[in-house]
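Notes follow once the structure below has been shown.
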Amino acid sequence: MALTIPVEICDMIVDHVVATVEKDYSLRDLFPYTLELEARPQLMSLRLVSRNFCAAASPHLFKRIVPPINSSVRGRRSLQRFAEISRSKYAAHVRHLETGYNSWGTTFCPIIGQEIQDFAGLLSPCLAQLCDLRVLKFRASSESLSRDREWAAIEAIVTALRFVILPHLEGLELFFPMAHDFRYFFPSLFSPLHIPMQDLLHRLKYLALHVTAYTKSLGQRYWTTPVLPAHAALPNDLHAAHLFRLVELAPNLEGLRISSTDIIPFHTIHFSPALRLTSLCLERVLITFDHIRALSGQCKDHLKHIELSLVQLHSGTWHMVLTQLRQLPHLIDFYIGSCGYPSTGPNAHLRAFLPEPDDPEPLETMNFEDDEGLSELRDFVNANRVALGLKPWERRDFRWSR
């Protein structure tokens, strides 16, 4: 007679497989829904052992699902799989959904019109079945997409968030081609049947907004990416307010990430006085010292993690910014890469020559005090880490060294 392993033992074994020890700062602190890569195949194998193991492992396997529009596995379309999961008992286990276009582009995963139509029709009813969804990641852009296909995806997610109540949503990550595209979350004609966007934003702990298409050639580094006429007509820097409005209406954020292609003016955001960030990640934005000082002062007792990539400082110096960050008593993780000064404005004289593409600098600056400020901040962060029993970063760590 076959040995039946008790449910309690199965649960203990599965919990051991999925357990992670994360002493360092990680967004896992906010969203513990993503399995380690090695855990997924182990859980899939355990499901085959017995019914008890299947019952114990399945909820973990379905916590995060990734059904892109243009993808198939073993000849089976991912959208079909998405629809099947949403109608099954496993829909209740889904916490993290990543969908939209595949990030690999259209070269390996060509898109057909039927897939887009199916996705537009499926998204809202499928979302409505994910009763405990916590994180939604949506990509409305991909390499070589026409503007019509970008718009089809944007319209699908905007419509879904207007009509589908997601009461437990805590994290939202959006990849839109242009800053202008974020305006569609705030229609000029509001229907009483619409769910106000501010209701959703008020509940969020994490918000990541990405602008993925260039709208101008000026400012591109090293190699120029062609700009579509439809994109050039709506410059990202002039329409960044639409993107920033989402941030301003999210007062309870703990993590914020903004990235762009063209430089956009981050210093124009008016943050809620209630904002208390633990994580801040910025890429290709324009900042001022006064704005960063105000934000870091407001979040002083909470900020642990900061990433700055290709950030330009319009006023003040990087030495002043980095010195200000040493006022954050809980800062234990810091990254800076290719940050410098704009070519125009009061800091133009501090702008350094562009380094070779294969030899990037953490700071692109003509001000030697900036490098001193980075060294002092590194020592400060390492002291904080040692005090918490964490391993200090090496002097040549990629976080602040080339």
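Rule-based calculations on the coordinates, nothing more; no lab input. The structure presented is a predicted model; accordingly, all values stated were derived computationally and were not measured. Here the Cβ is made from the backbone with ideal geometry for all residues, glycine too, and neighbour counts use every protein chain on show.
If you stretched the chain out fully between R276 and S315, how much longer would it get, using 0.36 nm times the residue separation minus the C-alpha to C-alpha distance?
11.6 nm is the gain from fully extending R276 to S315.
Among L322, P342, Q312, which residue has its Cα positioned farthest towards the positive end of the charge dipole of segment 276-344, with +1 placed on the Cβ of Lys and Arg, -1 on the Cβ of Asp and Glu, and the dipole taken about the Cα centre?
With unit charges placed on the Cβ atoms, the residue in question is L322.
Round to the nearest 0.05 the FRET efficiency obtained for D371 and S343 when R0 = 22 Å and r is the Cβ-Cβ distance.
After rounding to 0.05, the efficiency reads 0.60.
Per-residue HN-Hα couplings for segment 249-257, Karplus 6.51 cos²θ - 1.76 cosθ + 1.60 at θ = phi - 60°, whole Hz, x for Gly and Pro?
The phi angles translate into 9, 10, x, 9, 5, 10, x, 9, 10 Hz.
Where does the charge balance sit around Y184 when Lys and Arg score +1, Asp and Glu -1, over other residues with C-beta under 11 Å from its C-beta?
Cβ neighbours under 11 Å give a net charge of 0.
Which order do D371, D199 fall in if you start with the one that has the fewest other Cβ atoms within 10 Å?
D199, D371
Summing +1 for each Lys or Arg and -1 for each Asp or Glu, what net charge is found among the other residues whose Cβ lies under 13 Å from the Cβ of I165?
Net local charge, I165 excluded: 0.
Calculate, for N252 and L354, the FRET efficiency according to 1/(1 + (r/R0)^6) with r their C-beta to C-beta distance and R0 45 Å; round to the nearest 0.05.
Approximately 0.70, to the nearest 0.05.
Over the alpha-carbon set of segment 191-233, divide Rg by the Kirkwood Rh and report the Rg/Rh ratio to two decimals.
The Rg/Rh ratio comes out at 1.23.
Whose amide H sits under 5 Å from the amide H of Y335, counting only residues 5 or more places off or on another chain, with H placed in the peptide plane?
Counting only residues 5 or more places away or on other chains, the set is I306, E307, L308.
Of the cross-linked pairs K137/K205; K63/K89; K205/K304; K300/K391, which ones have a Cα-Cα span greater than 20 Å in the structure shown?
Result: K300/K391 exceed 20 Å.
Sequence-distant or interchain residues sharing an amide H contact under 5 Å with T365, placed H: which?
Long-range HN contacts for T365: A352.
For segment 108-184, just say rounded, prolate or oblate: build the C-alpha gyration tensor, square-root its eigenvalues into a ≥ b ≥ c, call rounded for a/c under 1.5, and beyond that prolate if a/b exceeds b/c, oblate if not.
It comes out prolate by the Cα gyration axes.
Determine the distance separating the Cα centre of segment 295-335 from the Cα centre of segment 342-363; give it in Å without decimals.
Cα centroid of segment 295-335 versus Cα centroid of segment 342-363: 19 Å apart.
Tell me whether segment 133-175 comes out rounded, prolate or oblate; compute the Cα gyration tensor, take square roots of the eigenvalues as a ≥ b ≥ c, and use a/c under 1.5 as the rounded threshold.
Cα axes put segment 133-175 in the oblate bin.
Ranking M197, M366 by Cβ neighbours within 10 Å, fewest first, what do you get?
M366, M197
So what J values fall out for segment 228-238 if you push phi through Karplus, 6.51 cos²θ - 1.76 cosθ + 1.60 with θ = phi - 60°, rounded to Hz, Gly and Pro as x?
5, x, 5, 7, 4, 6, 10, x, 4, 5, 7
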